[in-house]
1. Could you compute the longest span of the chain free of GluC sites (Glu not before Pro) located in DSSP loops and having at most 11 other Cβ atoms within 10 Å, not counting the site residues?
2. Given a Förster distance of 35 angstrom, what is the FRET efficiency for K68 paired with F585, based on the Cβ-Cβ distance and rounded to 0.05?
3. From the Cα gyration tensor of segment 9-134, with a ≥ b ≥ c the square roots of its eigenvalues, which class applies: rounded if a/c is under 1.5, or else prolate if a/b is larger than b/c, or else oblate?
4. Would you calculate, for the chain, the mean residue ellipticity at 222 nm contributed by helices, counting each DSSP H stretch of 4 or more residues as -39,500 (n - 2.57) and dividing by all residues, to the nearest 500?
5. Would you work out which of G336, L275, Y230 lies farthest towards the positive end of the dipole of segment 205-346? Charges go on Cβ: Lys and Arg +1, Asp and Glu -1.
6. Please compute the contact order of segment 391-529 in relative form: average sequence separation of alpha-carbon pairs under 8 Å and at least six residues apart, divided by the residue count, as a percent.
7. Name all residues of segment 593-630 having a backbone nitrogen under 13 Å from the label point set 7 Å from the Cα of E557 along its Cα→Cβ direction, giving them as ranges.
8. Would you work out which of I520, G204, S646 lies farthest towards the positive end of the dipole of the chain? Charges go on Cβ: Lys and Arg +1, Asp and Glu -1.
Amino acid sequence: MATKKNTFYVTTPIYYATAKPHLGSLYSTLLADVVARWNTLYGKDVFFLTGTDEHGQKIAQAAERVGKLPKEFLDGFIPSFKTVWKDYDIGYNQFIRTTDAYHIAGAQAFIKTLIEKGDVYKAAYEGWYCTPCETFIAGQDDYKKDQGPPCPSCQRTTIVVSEETYFFKLSAYQDRLLKLYKENPDFIAPKERLNEVISFVSSGLKDLSISRTTVDWGVPFPDDPKHTVYVWVEALCNYITALGYGQPNTKLGSSQQPSLNLLSEEFEKWWPANLHIIGKDIVRFHAVYWPAMLMAAQLPLPKRLLVHGWIKVDKQKMSKSLGNVVDPMVLCDRYGAEPVRYYLLRQMPINQDGDFSITDVEQRIESDLANDLGNLLNRMVSLAQQYNVREVPAPQVWSKQSLTLRSDCRNMVEDFENYMADYMFHMALARLWKFINQVNAYFHGQEPWKLAKKDKEEFIQVLSSTCHGLYAIALLLWSVMPNKMEQLLASIGIQNFCEGSVISHLKKEEWDKKFMLKKIPTLFEKPITAEEMKETIEKKQSDESAYISINDLTKLELRVGTIIQCEEIPDSTKLLKLAVDFGSFGQRQILSGIKKWYQPNDLVGKQAVFIINLKPRKMLGVISEGMVFTAEDDNGKPQIVTVTESVPNGSQLR
Ligand code: MSP
């Protein structure tokens, strides 16, 4: 196998495509994007894989609930993943879907290899299964047959599974796994997580069931189509099937039988993965099952796992079933993608769970981004402009204070790099912000507005130090906020920075750059705070013309109706078409610009408040005979205005 030197292969978990991605899914993917970008700064050739996990009972059931075929159901969610990734500038190289033919072929080839190596046998299985987690629950033999124990991971009810199955001899790998952890204490970052895995493996491993006969929606088991491959086993294979593992060898001449090219060129180039990024709920699959199966197939093991905590809302894990998911698109619309990227990396400690809060988002944007960083750039460039300074060459002699700032900068780069090597993003950013504040203090302390009037050379020297500081800040922050940092760099005259030597160059402490200053639009806008919003409303209310009379109110025909049908309007990214039952007032067709937030099925059967005497109007050639009322929640999602308990259709609002 070719020796790998300068490549970096990073993966995200593949997401269950049963809903649009939420902030938790974005989080795993964002971490991978930052790691990928960070590695390009070292000149590495980077491959970044993400995708969707599309087989198994949970998906089949979700599709059935809405009366769709699984593939059709899944296809509906893929664009929402790709849109969120695009809007957040996630620069993945490949998006794998486990329903892709190459994945299915590759996963089957992998299972065949396990069989050939003698690590698979057929036997009867009886035990508990958690469908939402797609997990077999071990060690619960004392439970009665008709009463499954709650799933230890999600606490939901488990079902009994009693069927013939293929087992993988996981138990045979216990010692080799323990040896792996012992010899590679960095195998899992952060380190705390490794101890949990060691204690799980030390307590004894049972063989793993790797097939199901009662689940049709899956990859057919090689040479035994009565079975499908257990979804987790097949999903893990995505990390190698994406590289062409197990593809038919197309390079052979036509006279030869096609053979399996287990190890493709791409596979040889990228495998083993340098980093699998995963949430804490899926450690066992990646730290125990996956390495054991790779050992069995005699393939190299991934070099490292990065395990992150959960984003919680009101102390609970964000999840569709709890109804507390935060929509990343709403945050992106309101604050912009890059401030949200910064918030997630800075606020969420990688080694713990973190609480999501809008107040924190706004505070980080206002204080860290707008005040500390944006203002520093703005003050410096504005002052230079005021005194007609555009070119800022490096001075011959640096002042004592500038030399101090220069060594602060070098120290910060080293610390930042060390934190990034351990994937402690929040610590790296906190350290960087300490330096931003040092640059602020330096700039302010030098009183450049006075120097500009009496000592131009000194003035330029201060500008040059500040620019060198900002240059380092922007390069280090580039993997977190690529576009904003490119704008910052453009404002100090750096058009192209050479990826590849950036970090080593920064560490050399060569403050020898010539900068060209240019004013750019405000880098980070301060968010409108709740307080400011309240003031605007109060101001409006104190104005007499802002009031209406009771007569005005009676002009509005406000009635409650039940949404009986809801469809997307082809060619419209915004509109949903509702058919609404108003009882004795009949049925009406009402359009609403809420498509971004709702799947048609979310709304059918709901009662809502409508105005029905608005003049009918056409949108995209479709008539709308009223309007539904909505109110924006904390995440900017328009919540449908409804009644607390059901009322007859057509009831008027009074
Ligand atoms: N399909 C499996 C992964 C297979 S990988 C071979 C799966 N999918 S998932 O959609 O349920 O979760 C994917 C990832 O999102 C997991 O790493 C999970 O931890 C992460 N998150 C889901 N909700 C989360 C939060 N609320 N916060 C942070 N990450 C969370 O598991």
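The values are calculated or read from the model by the stated rules, or taken from the named source; none is laboratory data. All figures in this text were calculated on a predicted structure; none of them were measured in a lab. Neighbour counts run over all protein chains shown; Cβ positions are idealised from the backbone, glycine included. Surface areas here come from the heavy atoms of the whole protein model, side chains and all, with no ligands, DNA or RNA. Shrake-Rupley method; radii C 1.70, N 1.55, O 1.52, S 1.80 Å.
1. The longest such stretch corresponds to 1-509.
2. Once the sixth-power term is evaluated, E becomes 0.60.
3. oblate
4. Value at 222 nm, helices only: -11500 deg cm²/dmol.
5. Final value for the positive-end residue is G336.
6. This gives 35 percent for segment 391-529.
7. Answer for this model: 610-617, 625-627.
8. I520
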